[in-house]
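Any read-out appearing in this document is the output of simple, stated calculations on the displayed coordinates, not a laboratory observation. The model shown is predicted, which means the values in this text are computed figures rather than measured ones. Cβ placement follows ideal geometry from the backbone for every residue including glycine, while neighbour counts extend to all protein chains displayed.
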């Protein structure tokens with residue numbers, strides 16, 4: 001069970017080897033067969049949408065996408081993982097959904113999100129082992145792609161909600177530079193942090209999807225990535241790494257080096273430690289305001305976990321928030337400066353493999369900094385622990401250098417696959 | 001006919017001289033009497049909301065606010081000035097609306113907005129002279145405050161939609177530092193630019209309203225503002241100023257100087273000219289994505305004016321957008337550096353008084369730069385042209401120095417009033 005290549009599928013459609021109707025019918029069968037166990041979907045596309053998709057034109061015709069239920073869809077309810085929005089039908093598609101449909105993509109359904117993309121787990125299980133969390137908050141999107149039920153999916157990340165579930169499910173996840181993908185029509189949790197992202201089976205797939213959606217040159221090129229200067233990012237939270245993850249990073253580094261890369265250790269400067277520590281405060285303060293209506297007028301329909309988090313956010317004084325924003329601004333500048341010496345950084349995508357539990361979505365500690373700084377970040381699949389569960393490695397590039405992040409991630413993915 | 005002071009009203013309520021019910025009943029009568037001519041409101045609060053407001057507690061109890069129909073309200077339809085959203089009832093209040101209600105404010109109704117806060121005029125007329133535009137896109141909010149139908153109102157600005165209508169209607173308008181007020185629940189036009197703002201009769205009123213909404217120390221203090229270093233901002237678009245406006249700036253400068261200020265000429269540096277010229281491109285590119293659903297799936301229900309603007313935005317190559325964003329980033333830094341030499345800047349809020357037409361909402365040329373850079377900006381009322389129509393002057397401060405912008409604007413407003 002593993003995701004299939006969107007890139008190969010599009011090539012087969014273009015060559016005439018595969019029909020759009022056959023593609024979509026196969027995805028439909030696969031969802032029917034698997035989703036009873038995996039529970040990635042909370043809602044399927046209505047019959048009219050499915051019928052229209054067979055006749056779609058455009059570079060994404062024949063491609064089935066999952067959409068995290070934090071994004072609005074005009075043809076399906078959008079409940080944001082909350083009882084407050086039961087049966088809520090938006091008037092408009094979220095911007096990324098409208099753009100995907102305009103390119104011919106079929107939106108196969110809405111995928112499970114934690115409550116407002118916060119921490120309360122969903123019913124979704126990890127396709128690699130059903131006893132493990134798929135990660136969160138984009139739980140359903142990552143699981144749907146990993147199980148091959150869709151060719152790609154939209155997710156969002158405020159702390160670590162794209163990169164972490166991609167890592168836990170063993171697929172490619174791409175968190176673009178801040179605001180490269182619009183978040184219009186995504187239920188806001190924290191406006192300085194919320195970032196729309198993409199999932200697909202492999203890095204080349206997610207890069208092609210991003211290129212077709214944005215009109216930017218992001219599809220991974222055939223150019224030589226061997227001679228990169230690569231920084232291995234080291235910070236105090238490395239102490240919490242699972243030994244298997246520490247060993248995956250060492251393995252990745254050694255493969256990159258053998259392939260010709262120049263490796264450096266990049267120790268986290270104090271200004272980036274400060275920025276990393278400012279992320280939870282910014283998230284808490286902004287979420288209390290973003291969800292003011294829900295916090296104040298719909299308290300009883302929030303989980304206790306989220307209600308408490310929002311109340312804590314509402315108690316933060318504006319001065320402390322302003323101080324955290326200053327730390328963030330300084331952090332963004334420092335994050336740019338990191339790339340004066342290296343082309344890319346690599347770092348663990350999570351502390352280890354997916355926890356063997358459905359009661360937690362795992363820890364976003366490794367992702368908070370890069371969400372705050374807005375640097376592009378790609379999860380590279382292909383590493384595993386002793387039990388065969390996926391371990392993800394992040395490739396991070398300078399703000400705006402998304403094409404480089406994707407190309408380098410693809411390079412590392414191939415090195416991992418070729419052992 | 002002129003707005004009344006929110007600050008004095010709150011003081012009267014606190015002292016017991018005025019009852020909440022009497023306050024709200026009087027506002028209601030005033031809307032009934034005047035809005036047939038002015039047409040500021042597109043929708044009034046339902047009876048239950050009005051009944052509940054009489055019993056409200058909190059620092060804003062007894063205060064009636066207008067909400068531009070670009071913000072969501074759970075108790076009133078929210079149509080964004082577009083036929084596409086006819087009868088659209090959001091599930092949640094926009095964040096600022098929820099916060100205002102939680103403080104006890106009565107949301108008296110939704111005020112007219114141009115289509116998605118773009119340029120197509122509304123039916124609203126300027127209370128100072130019904131043949132003149134009130135400005136846009138926050139047309140109804142500015143007019144409702146100017147006519148004394150509400151104590152304050154919410155608006156939003158993407159190019160010049162708070163400061164310009166405030167200037168045209170002769171009231172205080174406050175565009176805070178970028179994201180000081182959350183825009184969650186505001187229909188997005190351009191995410192890098194959309195800024196929530198406030199209107200009230202005078203600067204002290206808008207400052208007090210901002211303080212009560214945000215918990216920040218923004219209410220104007222009694223401290224001495226006489227010895228400010230004030231830059232008179234000069235740029236190439238000054239050539240287009242109406243002579244009456246040029247003379248109002250000169251008058252303001254001379255009053256400030258006589259009161260003890262040190263005046264400097266601040267010529268626009270090239271990097272800020274670049275930033276100013278980048279604003280329309282950023283607005284066009286982002287709006288084509290933000291309104292992707294409407295542009296692609298609801299084309300026929302857009303006005304020709306907006307449809308063309310969105311199509312132009314959709315044709316902008318990502319490279320040009322990235323270049324404009326770099327110009328914006330450099331502009332933000334340069335805008336901060338301007339305040340190394342001065343405490344505040346003053347500049348015209350518009351090219352002149354409100355055009356004597358209902359076919360245009362006027363030109364935002366004077367506002368685009370400060371929206372892009374995110375600096376706090378306050379429209380100071382109290383200046384007039386030969387026919388008695390208001391002329392607005394902007395006080396601009398360093399990013400985050402909102403309290404200083406408001407205090408200095410209050411100082412200038414008092415100098416204007418005392419002749």
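Binning the alpha carbon pair distances of the stretch B:266-419 at 10 angstrom intervals from zero yields the distribution 10, 30, 31, 22, 7, 0, expressed in whole percent.
The helix-only estimate of mean residue ellipticity at 222 nm for chain B, built from DSSP H runs of length n ≥ 4 each weighted as -39500 (n - 2.57), is -12500 deg cm²/dmol after division by the residue total. Just so you know, the Rg over Rh for the stretch A:83-149 is 1.01, from Cα atoms, with Rh as the Kirkwood radius.
Between residue A:270 and residue A:217, the FRET efficiency estimated from the beta carbon spacing at R0 = 45 angstrom works out to 0.80. Sorted ascending by nearby beta carbons within 10 Å, beginning with the fewest, B:120, A:336 become A:336, B:120. Size descriptor for the protein assembly as shown, Kirkwood hydrodynamic radius: 27.5 Å (Cα pairs only, one decimal). Who wins for biggest fluctuation among A:408, A:246, A:105 in a Gaussian network model of chain A, springs between alpha carbons below 10 Å? Among A:408, A:246, A:105, the largest mean-square fluctuation in the Gaussian network model of chain A belongs to A:246. I'd like the distance between the alpha-carbon centres of the stretch A:214-293 and the stretch A:341-374, rounded to an integer number of Å. That distance is 8 Å. Springs between Cα atoms under 10 Å define the GNM used for chain B, and in it the highest mean-square fluctuation of B:385, B:72, B:194 occurs at B:385.
Its Cα gyration tensor gives the stretch A:28-151 an equivalent ellipsoid. The semi-axes, each the square root of 5 times an eigenvalue, are 22, 18, 11 Å from largest down. Does the stretch B:355-414 come out rounded, prolate or oblate by the C-alpha gyration tensor, with a ≥ b ≥ c the root eigenvalues, rounded set by a/c under 1.5 and, if not, prolate when a/b is larger than b/c and oblate if not? Cα axes put the stretch B:355-414 in the oblate bin. Counting only DSSP beta bridges with both residues in the protein assembly as shown, what percent are antiparallel, rounded to the nearest 5? Counting DSSP beta bridges with both partners in the protein assembly as shown, the antiparallel share is about 60 percent.
If a/c stays under 1.5 just call it rounded; otherwise compare a/b with b/c (prolate if a/b is bigger, oblate if not). Do that for chain A, with a ≥ b ≥ c from the square roots of the Cα gyration tensor eigenvalues. Oblate shape, in that a/c is at least 1.5 and b/c is the bigger or equal ratio. Taking springs between alpha-carbon atoms closer than 10 angstrom, which of A:161, A:357, A:141 fluctuates most in the Gaussian network model of chain A? Of A:161, A:357, A:141, the most mobile in the Gaussian network model is A:357. Each other copy holds its own label point for residue B:221; taking that point as 7 Å from Cα along Cα to Cβ, the gaps run 5.6 nm, nearest first. Calculate the length of the line joining the C-alpha centroid of the stretch A:395-414 to that of the stretch B:98-136, in whole Å. One Cα centre to the other: 47 Å.
Please list, in order, the residues from the stretch B:330-366 whose amide nitrogen is less than 20 Å from a point placed 7 Å along the Cα→Cβ vector of residue B:234. From the stretch B:330-366, the list is B:335, B:337-352, B:366.
Remark: B:257, A:26, B:359 ranked as B:359, B:257, A:26, counting other beta-carbon atoms within 10 Å and listing the fewest first. Under the rule a/c < 1.5 gives rounded, and otherwise a/b versus b/c splits prolate from oblate, where does the stretch A:6-214 land using the Cα gyration tensor? Taking the square roots of the gyration eigenvalues as a ≥ b ≥ c, the stretch A:6-214 is rounded. Working from Cα pairs under 8 Å separated by at least six residues, relative contact order for chain B is 19 percent. Between copies, the label points of residue B:359, set 7 Å from Cα on the Cα→Cβ line, lie 7.1 nm apart, reported in increasing order to one decimal in nanometres.
Summary for residue A:52: label point 7 Å along Cα→Cβ; distances to the equivalent points in the other copies, ascending, 3.6 nm.
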